Amino acid sequence: MWLLLALSACFLRVSSSCEFEPSSPLETGIVCRLTKPAALVLNEKTTEVIQAAFRHATFPNITGEKAVRFLGGVNYGLTNIQVNDLSIENSEVELKSDEAVDIAIKNVSATFKGVLHYGYGAWFVNVQQSIDFEIYTSTDLQVNTKLGCGKNHVAADTSDCYLSFHKLDLYLHGNKQPGWLKQLFTDFISFSLKLVLKSQICKEINYVANFLADFIQDRAIDFLSVGDIRVNIDVTSFPVINDNYVESHHKGFLEYKNHSVYYNSSIYTPSMLTEDRMLYFWFSEQVLDYLVLGYYLDERLVLTLTGAELKEIFKDDNTESHQQIINEILQDLPMENTVAKVWSLTRPRITFRPKGTIVEASVAVRIDVSPTEELYFQVETLTTVQTSYGDKKLTLSPTDSVVQVTDFRSSLALSQNEEAVRLFLQNTVANFGIPAVVKRLGPALTSLMNTKGLSLFEIINPEVVPHEGYLIVRLDFGFPHHLLVDFLKKAL
């Protein structure tokens, strides 16, 4: 049952059916593949979710009447039924190609307590009694979770749920009841009791599945959202199940305020992903390209540098002519008087290539040396960035940059000619400026992802692998216990 958590990265939700239009321009931008080893790890905590389902279940009163020889009609009612002790021996999971995710819960032992009301008699005698009871049960639970689509999200159907009882024993408390009573009630209420237990437990499992799905969906949406920027993760097709993995396909479109950005050039094929790691994410380059557009529209691509930070960037440039320009720009003024602002003039463009992520940007830089003196220039940059994740940190490493100064204006009294200053600026931006910005960007993105809870996951040997037009993230993981704790708190 906890295997539904597997779709946390795959944006699970339970609801009604979907319709896909073949002529629609909406295409796949994100793919999530969860393999059999991941299903086995997630299944380790299935028992805790099943226990929550049992304990959270409410049971209706069970009433009935039966004609008994010599006694006439015997009526009965079981009320205030509650689960007491509960234990589960083990849980098994199996992926069935094009069918379902089968979860088998073995040897669920539970004790149910309540009150038994009964009455019998005729015109000459009438007996009405109430006594406490306990019911000891042992059962196997089978949940076949079918995956479909509902309200444009992956949908789980747990209606194929049944209990197989190995034991159902009724124990009555007190010494006043007739000796035949226990056997009588055990015989003719067991069938009704089994039906009620099956109905309510399976109903509760369906509730837990729905609650878990919404819980995971909210986490996924939050992880991909910043302020007014969000990524549409609606599914583009029905989920895929085979013997080795579960896979879902999603739009990955940018939604910013009241605007949505679409694309229609998906290149995904199943052969792009393998089955040797536990979890895979496939991203079209358009997903990140338009996500950066959202950051640009939201005016987040702005950086302010102090004089101290500027000097830190400039200090490695020991060329004599360049040092002279640096001194003239900063003019030996107190560092706090010098401020540089860097911002994107147009939306940056993102493309994926095997050598890394290519970032193309048009950037403006203004250095305010004093209230009346400033240096302003614009540059076109083309930077290759390699990405890795380890020790709960995102690391961005620029490998090469091409920079061209396209505009230059200065109110400073510079001794060097404009061409020399342009050359200096190109060299400084390529060799020192871009690495400095990227160095700041890695921790900033790490901090942002950690606010979404990424640092709470046990991520094992993650790899970020760029290809022509798409990016693959593949990893193994330990059980995300913090999600289980959060979920159980909210569910109960």
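What the table below lists for this structure:
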| quantity | calculated |
| --- | --- |
| Total residues in the stretch 246-277, condition under 30 Å from GLU299 (Cα atoms) and assigned to a loop (DSSP other than H, G, I, E, B) | 9 |
| Residues of the stretch 278-308 satisfying the condition of being crowded, with 17+ Cβ neighbours inside 10 Å, part of a helix (DSSP H, G or I) and touching a helix residue (DSSP H, G or I) at 6+ places or on another chain (Cβ under 9 Å) | GLY307 |
| The stretch 120-145, residues that are at pLDDT below 80 and not β-branched (Val, Ile, Thr) | TYR120, GLY121, ALA122, TRP123, PHE124, ASN126, GLN128, GLN129 |
| Candidate set: the stretch 402-428, residues that are among the hydrophobic types (A, V, I, L, M, F, W, C) and either modelled with pLDDT of 90 or more or not in a helix (DSSP H, G or I) (or both); chosen: the one surrounded by the fewest Cβ atoms within 10 Å (Cβ to Cβ) | ALA413 |
| Residues that are farther than 26 Å from PRO443 by Cα and of a type outside the set (S, T, N, Q), drawn from the stretch 370-396 | PRO371, GLU373, GLU374, LEU375, TYR376, PHE377 |
| Number of the condition not met by ALA67 [criteria: (1) open to solvent by 10 Å² or more (accessible area, probe 1.4 Å); (2) part of a strand (DSSP E or B); (3) modelled with pLDDT of 80 or more] | (3) |
| Any chance ALA444 is surrounded by 15 or more Cβ atoms within 10 Å (Cβ to Cβ) and not in a strand (DSSP E or B) | no |
| Residue within the stretch 372-379 that is without any contact (Cβ under 8 Å) to a residue 24 or more places away in the chain and either closer than 27 Å to GLU463 by Cβ or open to solvent by less than 70 Å² (accessible area, probe 1.4 Å) (or both) present | no |
| Test result for ALA53, closer than 30 Å to GLU247 by Cβ, at pLDDT 85 or above and not basic (Lys, Arg) | no |
| Subset of the stretch 190-245 [part of a strand (DSSP E or B) and basic (Lys, Arg)] | ARG230 |
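The values are calculated or read from the model by the stated rules, or taken from the named source; none is laboratory data. Small disclaimer: the values here were computed from a predicted structure and weren't measured. With ideal geometry, Cβ positions are generated from the backbone for all residues, glycine too; neighbour counts draw on all protein chains shown. All accessible areas refer to the heavy atoms of the entire protein, side chains included, with ligands and DNA or RNA removed. Shrake-Rupley method; radii C 1.70, N 1.55, O 1.52, S 1.80 Å.
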